[in-house]
Amino acid sequence: MLKSQRPAFGAEVAWARWQLRQATWLLDSGPDCDVVVIAIGTTPNPLVPRTTTGLETTRHGTVVVKDEATGRTTKDRVWAGGDVVTGAATVISAMGAGKRAAADMDAFLRGA
């Protein structure tokens, strides 16, 4: 019989606490900035599709992008990339998706 790859509940709690400590450290001693987006994890947050009307998701809970070159989703003015789109993948892949989405956001905000 195969065992679940998902960690035991106690391990999930410990991991969540570690993530919170890292995020708190970043906010307290990280760079001076207006906004910090914490993106830690390899699975989509189930609250995102439940609280964002018009955002299409797959049966696995990942966000559907209508244009992979830009990361634009089915919801206007919303971009996505990385694990929330592909599921668990490489950091390099997520960084590339973020870079492409950022370039398109910049063009969108500039009116291009």
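The values are calculated or read from the model by the stated rules, or taken from the named source; none is laboratory data. Here the structure is a predicted model, which means the values were calculated and not measured. Cβ: placed from backbone, ideal geometry, glycine included. Neighbour counts: every protein chain shown.
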Cβ pairs under 8 Å, 6+ apart, first in the range 32-59 and at pLDDT 65 or above, second exposed (fewer than 11 other Cβ atoms within 10 Å of the Cβ) and among the charged types (D, E, K, R): 54/76
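Residue-by-condition table, conditions (1) surrounded by 12 or more Cβ atoms within 10 Å (Cβ to Cβ); (2) touching a strand residue (DSSP E or B) at 6+ places or on another chain (Cβ under 6 Å); (3) of a type in the set (S, T, N, Q):
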site: 53; (1), (2), (3): no, no, yes
site: 62; (1), (2), (3): yes, no, yes
site: 69; (1), (2), (3): no, no, no
site: 93; (1), (2), (3): yes, no, yes
site: 104; (1), (2), (3): yes, no, no
Flag for residue 74 being of a type in the set (Ser, Thr, Tyr), surrounded by 12 or more Cβ atoms within 10 Å (Cβ to Cβ) and either modelled with pLDDT of 70 or more or not assigned by TED's automatic domain parsing to the domain that holds residue 100 (or both): yes
Hits in the range 77-91 (condition: part of a loop (DSSP other than H, G, I, E, B), of a type in the set (A, V, I, L, M) and surrounded by fewer than 17 Cβ atoms within 10 Å (Cβ to Cβ)): 78, 88, 89
